[in-house]
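Structure, as structure tokens:
The values are calculated or read from the model by the stated rules, or taken from the named source; none is laboratory data. In this text, all values refer to a predicted model and were calculated from it rather than measured experimentally. So basically every Cβ, Gly included, is an ideal-geometry build from the backbone, and we count neighbours across all protein chains shown. For accessibility, only protein heavy atoms count, side chains too; no ligands or nucleic acids. Shrake-Rupley method; radii C 1.70, N 1.55, O 1.52, S 1.80 Å.
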Amino acid sequence: MKRKAVLTSLTLGVAAMLSAATPARALEAIPAGGSAAQRMMMPMPLPRPIPAPPGPGWVWVPPVYQTVVREVWVPPTYRTVYDRVWTGPVYKTVTERVWAPEQYGWRKLTVFEGGQYVERYEWVQTSPGHYETCTRQVLVSQGDWSYVPRQEEITPGHYERRAVQEMVTPGHWERRDPIPVPMPPMPPLPNLPPVPPVTGGRPPGLEPFSPLWDWPADSKPEKK
């Protein structure tokens, strides 16, 4: 009993999830005369998925449509009507080879006896036994009344002017690389004092312990 209760609760839970996942638009697409089961089981057409991009830097451009007025053919509508029709009996022809027994009967004989004609009757065989082909009808099915469906036209087919959506350009992928970010302008340099030109010797302020003491164009000063 406990296992049955658990299975029942799981079934109800799955049914509740499916009913919650059914979109309202799917129910609106069902005719009003449909049953509740049909309204729940009617599938909705899903939108076409966008294909995968060829690579980075590609952008999907959706299709472009325009509304135009066209002459659209509206097919006729029919309804099914059942008529009560009499169906006659069905027979089949059967051909058999049967034995026909010999036939007997009375035969009149006229004989001349005692100077006059005398009529007599005797029991003789009229036809010997033999086989003959016999054809007969065998009943296959008896006649009966039945209901035969037929299509009855309600509204004839006709043309109507309707606004339809026509595709101008199909959806496609376009290569759109990211726009490079421009570099900001360089800030103006502050007003620094001019650097005096070097005419020869060591630059001013160069100490004896500096790595640049050994200047290539000069020689070391003599020690006093």
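Assess whether TRP145 counts as being over 56 Å from the mean Cα position of the chain (by Cα) and either exposed (fewer than 10 other Cβ atoms within 10 Å of the Cβ) or among the aromatic types (Phe, Trp, Tyr) (or both).
No: the conditions fail for TRP145.
Tell me the residue from GLU102, GLU96 that is at pLDDT 90 or above, more than 49 Å from the chain's Cα centre (by Cα) and surrounded by 10 or more Cβ atoms within 10 Å (Cβ to Cβ), please.
After ruling out the rest, the residue left standing is GLU102.
What are the residues in the stretch 105-122 that are surrounded by 10 or more Cβ atoms within 10 Å (Cβ to Cβ) and of a type in the set (A, V, I, L, M), if any?
LEU109, VAL118
Which ones in the stretch 49-90 are free of Cβ contacts under 8 Å to residues at least 24 places away in the same chain and open to solvent by less than 70 Å² (accessible area, probe 1.4 Å)?
GLY55
Within the group ARG39, ARG25, which residue is in a helix (DSSP H, G or I), open to solvent by 90 Å² or more (accessible area, probe 1.4 Å) and at pLDDT below 75? Break it down into steps so the answer makes sense when it comes.
Values: ARG39 fails: open to solvent by 90 Å² or more (accessible area, probe 1.4 Å).
After ruling out the rest, the residue left standing is ARG25.
Evaluate the stretch 132-148: report whether one residue or more is of a type in the set (Phe, Trp, Tyr) and under 30 Å from PRO62 (Cβ atoms).
No, the stretch 132-148 has no match at all.
With ARG84, ARG70, ARG97 as the choices, which residue is of a type in the set (Lys, Arg) and within 30 Å of VAL168 (Cβ to Cβ)?
Just one listed residue meets the conditions, ARG70.
Any residue in the stretch 159-170 that's farther than 12 Å from PRO62 by Cβ: show its pairings with residues that are among the aromatic types (Phe, Trp, Tyr) and in a strand (DSSP E or B) at Cβ separation under 6 Å, as long as the two are six or more apart or on different chains.
TYR159/TRP73; GLN165/TYR65
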